[in-house]
Structure formats: structure tokens, C-alpha cells
Amino acid sequence: MRRPELLAPAGDLERLRIALRYGADAVYLGGQPYSLRSRTAVFPLDSIREGVLYAHSLGKKVYVTVNAVFREEDLLGLRDYLDSLDDIGVDGVIVTAPAAVAETSAHPRMSFHLSTQQSVTNIETVRFWAKTGIRRIVLARELDLGEIAEIVAQSPIECEVFIHGGMCSSYSGRCTLSNEMTGRDANRGGCAHSCRWTYSLVRGEDPLLGAPAFSLGAKDLQAVRFIPALCAMGVASLKIEGRMKSPHYVATVVSVYRRLIDDVMAGRLLALDTYDSLLARGENRPTGPGFFEGIPGPEQQLSDPGAPKPSQSFVAIVEGYDPSLGMATVSQRNVFSIGDLLEHFSPAGELRQFRLIDLRDAEGMAIERASHPQEMLRMSVPWPVEPLDMFRKVN
Amino acid sequence: MRLVVTLRDWSEKLRFSALGADVFLVHPTGLSGLTPSTFSFEEIQGFIRRCRTEGGFLYVGLNQMIHGKDLPLLETFLQAMVPQPPDAIVAFDLAVLERARAYGLSDRVIYRPVTLNTNSRDIAFFRSAGLKGITLSSTLNPEEWADLAQVAAGLEISVFAHGHLDLFYSRRRLLTNHLMRLGIEKREGIQNSEWRLEEETRPGQRLPIWEDDAGTHVFSARKRESFAAIRSHGSLLSDAFLDRLFLSDAEYEAALAAYADPRLEAAFWRDFGSGYLPKGAPVPANAGGIRP
């Protein structure tokens with residue numbers, strides 16, 4: 001059985017390092033000019049260079065999204081930009097527009113991946129794109145397991161499948177709802193997520209009075225129970241969505257899928273509930289199986305489209321550790337206090353709990369409560385910790 | 001430039017011809033949605049033969065995403081079209097182009113993905129792929145149509161000219177799922193043009209929603225019209241598609257007539273103009289060159 005790549009999102013350099021440290025084989029990130037997350041979570045070229053150096057030092061890969069649907073004015077500079085990514089040593093680019101696909105022959109070293117924005121749903125469309133020099137297809141998220149297996153078995157190029165995170169409710173790339181509702185171009189980095197807004201349903205001229213709100217939105221995807229099958233069918237890459245998500249989310253989700261894939265490959269799979277419960281610690285949105293089991297029913301629609309509250313359990317990330325004092329230097333991410341039961345969470349995967357007994361500010365003054373976001377603090381930890389390890393509060 | 005209209009049944013062909021339609025678009029059963037009716041492959045072959053003798057072009061629209069289960073039917077469809085190929089196969093999914101190559105039909109394919117096809121290099125890419133033409137993204141404006149059509153160099157460029165814009169296409173059964181939650185019969189949501197969505201902060205702005213076997217679509221509240229754009233740029237374009245979903249027959253026919261004869265545009269604005277303009281906006285001063 002071929003070991004699939006675990007591909008994680010990187011919204012910035014910190015999350016890039018976290019994703020790779022917590023077990024991703026590769027990360028994808030948005031370049032500044034041509035990404036679908038054009039407003040935030042984008043990397044200038046210098047940061048891409050830094051990320052590539054870091055990833056390659058670990059023997060891992062970086063892919064850059066160049067997946068906007070280009071208008072004429074976007075073409076100016078596209079070749080130069082791709083040349084720059086090539087020079088930096090980016091391993092691959094994720095593209096949507098045929099205008100970008102046409103650049104494959106000019107950049108033979110880089111792998112061109114066709115974005116899910118092209119919504120490829122069948123083997124014949126895979127064959128069309130394979131002839132253009134595309135080396136990997138990110139399959140549409142609207143496929144069930146049988147459809148994926150059928151495509152992967154016949155595909156002349158690699159197939160990538162989304163396994164976790166937010167789902168477009170529309171076929172990706174075929175939606176301009178945001179354009180209509182806000183004037184923001186969904187296919188050029190401006191998606192306003194209008195599908196998650198609240199609508200009422202009207203028949204003829206009459207609103208359905210008393211009816212609950214209508215949402216076009218979909219629950220997030222969670223694919224723990226489908227990973228063994230996806231590994232068995234030979235999917236080349238398993239992809240996690242979420243370039244806008246928190247470091248804790250990235251660390252949690254990546255580490256769980258890392259462990260799960262490794263367990264599948266080693267033939268030591270635990271009860272799937274074990275992975276589910278670990279994943280739940282990083283989740284803050286309702287999840288479901290997406291299309292893996294077939295066309296989703298009513299229970300997969302986001303019936304309460306209100307904004308999810310971020311998990312408050314993630315409290316600090318380690319910046320350093322002084323073994324002589326047994327004190328970690330941490331960056332605060334949520335409120336915590338002396339006496340809290342904390343869980344140490346690290347790329348090694350082992351979870352250990354301890355009661356916090358000593359907490360100090362940057363000047364070394366003892367404090368009772370860490371309440372300032374991003375504040376640098378020192379805290380006692382009963383065992384050595386490493387940079388990018390995390391602490392979360394146990395309720 | 002040819003005006004493309006969708007046929008609900010063959011009896012409309014004569015009337016639409018008289019109103020100025022050049023091309024008649026029909027949809028095959030099992031490979032299309034978003035249409036008032038579909039036809040068997042045999043019926044479509046019959047329509048093609050009749051167009052050959054009576055005049056007019058016959059296009060066949062395959063306007064849905066193709067999944068693995070649809071591929072055998074696509075194969076059968078293409079085989080059935082070989083004896084009398086339609087003037088064009090208007091395809092939403094590139095699988096159609098890929099398989100059409102095997103039957104020598106790729107030069108009949110117009111790729112119409114609704115949101116894609118947005119720049120000159122996309123055009124160059126598809127020109128080298130050997131198809132008949134592409135339909136530009138519905139997000140482009142008429143000046144962009146003209147700019148791109150001028151660099152098409154042999155690839156036919158068509159546009160979506162009239163009707164509600166298709167904004168959103170999901171494989172999910174969004175409407176019937178919601179109706180089931182409300183205890184309303186599922187069949188009430190299938191191929192029923194009565195349903196609208198209204199966003200809570202935009203009262204009165206009602207987006208048509210449509211569900212069929214291929215999934216759920218949401219359309220723009222305001223209808224698009226392109227009378228002025230077609231007058232200005234029509235000579236650069238190959239086809240202008242006039243969509244009829246959610247339009248009454250009278251409105252559809254009035255629109256067709258006004259595209260074919262600008263002197264009839266004022267009458268169109270008088271009778272149907274309100275659904276095409278932002279709230280409170282005046283009718284265009286140059287509507288058909290005649291003030292309504």
C-alpha cells in the first residue's frame with residue numbers, strides 16, 4: 001500500500017512550522033498576488049523562501065496556491081511570479097486557470113497541481129488535464145468513496161483528496177454568490193461566504209412563516225473513518241483545509257491524521273473513536289462525512305449558520321525551555337490561571353497533564369492569571385518541553 | 001452573431017424563428033438540468049434533420065457536472081450524435097470534450113462552464129484544444145467580451161446575454177433537504193420554479209432557487225439583459241445565449257424579438273423592464289434607440 005502524503009494548510013510561517021513539526025509531509029500556502037485567500041493568510045516571496053528552506057531542511061515539501069480565476073489584468077506578471085517560485089525551489093503550484101496550466105512547460109521542475117476549483121468529478125476530465133502537463137489533480141469534494149476509487153484506479157496522474165475542514169457548498173469554482181451579494185469575487189480571493197448567511201424560503205410571493213432559517217452552508221468535513229479506504233485505494237495526497245485556522249487547530253488536526261495514517265500503514269489501527277476524540281479537542285465547528293458516503297442528507301446542512309466560537313482550551317505555545325529552572329517560556333493564546341489542570345501536547349503525540357503551580361510575567365514577577373493575548377510568560381512544567389509544543393486547559 | 005434560444009418543445013421552433021432566433025438549444029434526458037424539458041437522443045436526431053431541411057441551427061446542451069455514473073450515458077449520447085452531428089454540443093464539463101474527440105466531434109463542442117473562461121490566455125489554451133468555441137464567464141462585462149473576442153483568432157466566443165444568472169451549483173439537495181425539515185413533500189422542491197431565497201438583510205431581493213436530479217442552483221435576483229451590449233459588440237461574438245428559466249413565455253419571446261429587432265426593445269422595457277433594473281433605476285435612455 002502506497003503511503004499517502006499528508007498535506008496541511010499554512011496561513012503564516014508559524015503555522016507552517018507547526019504543521020510540519022506536527023506531522024504534515026507537505027504544506028500549501030497562498031502567495032500574495034494570486035491566491036484565493038487574498039485578504040489574509042498570504043505569503044510574500046521572502047516568507048515563501050523561508051518556508052521552503054525550513055520544509056526542505058526536514059525533507060518536506062511546499063506547494064503554493066496560484067488558484068485564482070485570472071482576469072486579463074492578472075496575467076501581467078504571472079510568468080515572472082512563477083519564475084520566482086521556481087527559483088525559490090517551491091515544490092509545486094496549485095492552479096485553476098488554463099492560463100496558468102499553460103505555464104507547465106515553462107516550469108518543468110515545479111509540479112503543477114490542478115486546484116479543486118476546477119471541480120474535476122470524473123476520469124475523462126482527469127485525462128483531459130493530464131495531457132496538459134498537470135501532474136496532480138485535486139479532486140472535487142463532491143465525490144463519494146466509490147467515485148474516488150474509480151478515478152484513482154484509472155488516473156494517469158496523482159490524485160489528491162480533501163479529508164478535513166470547511167466545505168464549499170457549491171461545486172468549487174462554479175460559485176459567484178459572493179460576487180452577487182457583496183461585489184467580492186469569490187474566484188479571485190474575495191469569497192464572503194454568502195452561502196453561510198441566513199435566508200428565508202419564499203414560495204411564489206409568500207414567505208414560509210415560522211419556518212427556520214434556510215442555509216446553503218455545509219458542515220465541515222471529517223474523514224477519520226474513511227482514511228483506511230483512501231489509503232488502500234492509492235490516493236497520493238490527503239489534504240486538510242484551513243489556511244485561516246489557528247495554530248492549535250492545525251497542530252491538533254495534523255497530528256491526529258498523522259497518527260491515523262501511520263497506524264493504517266503499520267497495520268495497528270486503533271478503534272476509530274480514539275482518533276475522533278483526539279480530533280474533537282481542536283474542533284469548533286460541526287462536522288460530517290461530506291460526500292464520502294454519498295450525497296449528503298438534511299443532517300449535513302448547516303442548520304444553525306451562526307459563527308462558531310473558537311475553542312478556548314488552547315492556552316499557550318512554547319517558545320523555549322530552561323532545564324535548569326524547569327520553566328518554559330510561552331506565548332499566551334487564551335486565559336489560564338495558577339491551579340489550572342493543563343495538558344501538554346507535542347509533535348511526539350504523547351499527552352501529559354499537570355497542575356500549574358508557578359506562572360511569571362516577562363519581568364519574572366509571579367502572577368495568578370495569564371490574561372493578555374500573545375503575552376510572553378514563563379511557567380513551570382514538570383518535564384522538558386520544546387518550541388512549538390502547546391498547552392491546553394483540561395475542563 | 002446568432003441568437004440562441006432554449007426549446008421547451010419543437011412546436012416553439014417556428015414561432016421563435018419568426019421572432020429572430022438563429023439557434024435552437026435542446027437538452028438530452030439524463031445529461032442536463034435547468035431546463036423546462038429534455039429530449040431523447042432519437043428526438044434530438046430528428047430535430048437535427050428537421051433543421052437541415054427547414055433551416056436553423058441545432059445545439060445540444062449538456063449543462064451539468066458529469067460524474068462517473070454519467071459516463072456510459074455520455075458515451076451513448078455521443079454515439080447517437082455521430083450520424084447527424086448537432087451544430088454544437090454546449091458542455092459544462094470537459095469530459096464531454098475529452099470523449100467527443102473519440103467520435104470526431106470535438107470541433108462541435110462549445111465549453112460553457114458559466115464562471116470560468118476569463119482571459120485571453122484561457123482562450124489561447126482552448127483554441128489549441130481544438131474545440132468550436134467557449135462561452136465567456138458570466139462575471140465579465142461587455143467591454144471584456146469585446147476585448148477577448150478580438151483576440152479569439154478562430155475560436156468562437158459566445159456569451160450569456162439574457163436571463164437570471166446562475167450563481168451557485170451544488171450537488172447537494174439543498175431545497176428538498178430543507179423542505180423535509182419543514183415537513184413539506186420532497187417532490188414540491190423538484191423542478192419547481194416557484195421557490196425563492198431572501199437574505200435577512202436584503203428584504204425584497206429574492207433569489208430563485210432550483211433543484212433537479214443534478215443538484216441545486218441559486219440564481220441572481222435581478223435578471224441580466226444585454227441589449228445595448230449586443231448592439232455594440234454583437235458583431236464580434238458568435239452566439240448570445242438567452243436563458244428562459246423563471247421567465248414567462250411572453251417575456252422570453254419579447255426579449256428574443258427585441259434582440260432581433262432593436263425597434264422592439266422599448267416595448268420590452270415597458271412590459272418587463274422592472275425585473276432587470278436596480279430598484280429605482282430609470283430605464284436606459286437608449287433602449288432600442290427609442291424612449292419608452
### Query
Restricting attention to the stretch B:107-139, which residues are part of a loop (DSSP other than H, G, I, E, B), of a type in the set (A, V, I, L, M) and farther than 14 Å from A:Pro98 by Cβ?
B:Val114
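Within the stretch A:70-104, restricting attention to residues that are away from chain B (no Cβ under 12 Å) and among the hydroxyl-bearing types (Ser, Thr, Tyr), which residue is surrounded by the most Cβ atoms within 10 Å (Cβ to Cβ)? Quick ask: steps written out before the conclusion?
Taking the stretch A:70-104 and keeping what is away from chain B (no Cβ under 12 Å), we get A:77, A:80-94.
Adding the requirement that they be among the hydroxyl-bearing types (Ser, Thr, Tyr) leaves A:81, A:84.
Working: A:Tyr81: 20, A:Ser84: 15.
Only one residue fits best here, namely A:Tyr81.
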### Query
Any residue in the stretch A:110-129 that is at the interface with chain B (Cβ under 9 Å from one of its Cβ atoms), over 21 Å from B:Thr115 (Cα atoms) and not hydrophobic (A, V, I, L, M, F, W, C)?
yes
### Task
Please indicate, with yes or no, whether at least one residue in the stretch A:250-260 is assigned by TED's automatic domain parsing to the domain that holds A:Pro289 and part of a loop (DSSP other than H, G, I, E, B).
no
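Looking at the stretch A:1-113, what strands (runs of 3 or more DSSP E) fall wholly within it and have at least 2 residues that are touching a residue at least 12 places away in the same chain (Cβ under 8 Å) and small (Gly, Ala, Ser)? Before you say what the answer is, go through the steps one by one.
Values: elements: A:5-9, A:26-31, A:61-66, A:92-95.
Hits in the stretch A:1-113: A:26-31.
I'd like to know if the stretch A:356-364 contains one or more residues that are within 23 Å of A:Gly282 (Cα to Cα) and more than 23 Å from the chain's Cα centre (by Cα). Before you say what the answer is, go through the steps one by one.
Initial filter on the stretch A:356-364 (within 23 Å of A:Gly282 (Cα to Cα)): A:356.
The next check asks that each one be more than 23 Å from the chain's Cα centre (by Cα); those that pass are A:356.
Yes, there is a match, as at least one residue in the stretch A:356-364 is within 23 Å of A:Gly282 (Cα to Cα) and more than 23 Å from the chain's Cα centre (by Cα).
Yes/no matrix, rows are residues, columns are (1) among the hydrophobic types (A, V, I, L, M, F, W, C); (2) modelled with pLDDT under 95:
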position	(1), (2)
A:Val264	yes, no
A:Leu278	yes, yes
A:Arg285	no, yes
A:Gly290	no, no
A:Pro298	no, yes
A:Gln301	no, yes
A:Lys309	no, yes
A:Val330	yes, no
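Right, B:Arg171: basic (Lys, Arg), closer than 27 Å to B:Tyr276 by Cα, in contact (Cβ under 8 Å) with a residue 60 or more places away in the chain and touching a Gly at 6+ places or on another chain (Cβ under 8 Å) or not?
Working: basic (Lys, Arg): yes; closer than 27 Å to B:Tyr276 by Cα: no; in contact (Cβ under 8 Å) with a residue 60 or more places away in the chain: yes; touching a Gly at 6+ places or on another chain (Cβ under 8 Å): yes.
No.
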### Query
Is it the case that some residue within the stretch A:333-340 is surrounded by 15 or more Cβ atoms within 10 Å (Cβ to Cβ), modelled with pLDDT under 95, polar (S, T, N, Q) and not assigned by TED's automatic domain parsing to the domain that holds A:Cys168?
yes
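Here is a yes/no grid of residues against (1) farther than 19 Å from B:Val60 by Cα; (2) more than 20 Å from the chain's Cα centre (by Cα):
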| site | (1), (2) |
| --- | --- |
| B:Pro113 | no, no |
| B:Leu116 | yes, no |
| B:Arg121 | yes, yes |
| B:Leu140 | yes, no |
| B:Glu144 | yes, no |
### Task
Quick one: which residue in A:Ala218, A:Ala211 is at the interface with another protein chain (Cβ under 9 Å from one of its Cβ atoms) and modelled with pLDDT under 85?
A:Ala211
### Task
Can you give me the ranges of the strands (runs of 3 or more DSSP E) entirely in the stretch B:190-242 with at least 1 residues that are crowded, with 17+ Cβ neighbours inside 10 Å, away from chain A (no Cβ under 14 Å) and among the charged types (D, E, K, R)?
B:239-242
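Output the residue which, of all residues in the stretch A:265-284 that are of a type in the set (D, E, K, R) and loosely packed, with under 15 Cβ neighbours inside 10 Å, is nearest to B:Arg171 (Cα to Cα).
Restricting attention to the stretch A:265-284, the residues satisfying the condition of being of a type in the set (D, E, K, R) are A:268, A:273, A:276, A:281, A:283.
Among the residues that remain, those that are also loosely packed, with under 15 Cβ neighbours inside 10 Å are: A:268, A:273.
Details: A:Arg268: 36, A:Asp273: 29 Å.
Of everything passing the filter in the stretch A:265-284, A:Asp273 is nearest to B:Arg171 (Cα to Cα).
The values are calculated or read from the model by the stated rules, or taken from the named source; none is laboratory data. Everything quoted here is computed from the prediction, not taken from an experiment. Using ideal geometry, Cβ is built from the backbone for each residue, glycine included, and neighbour counts are taken over all protein chains shown.
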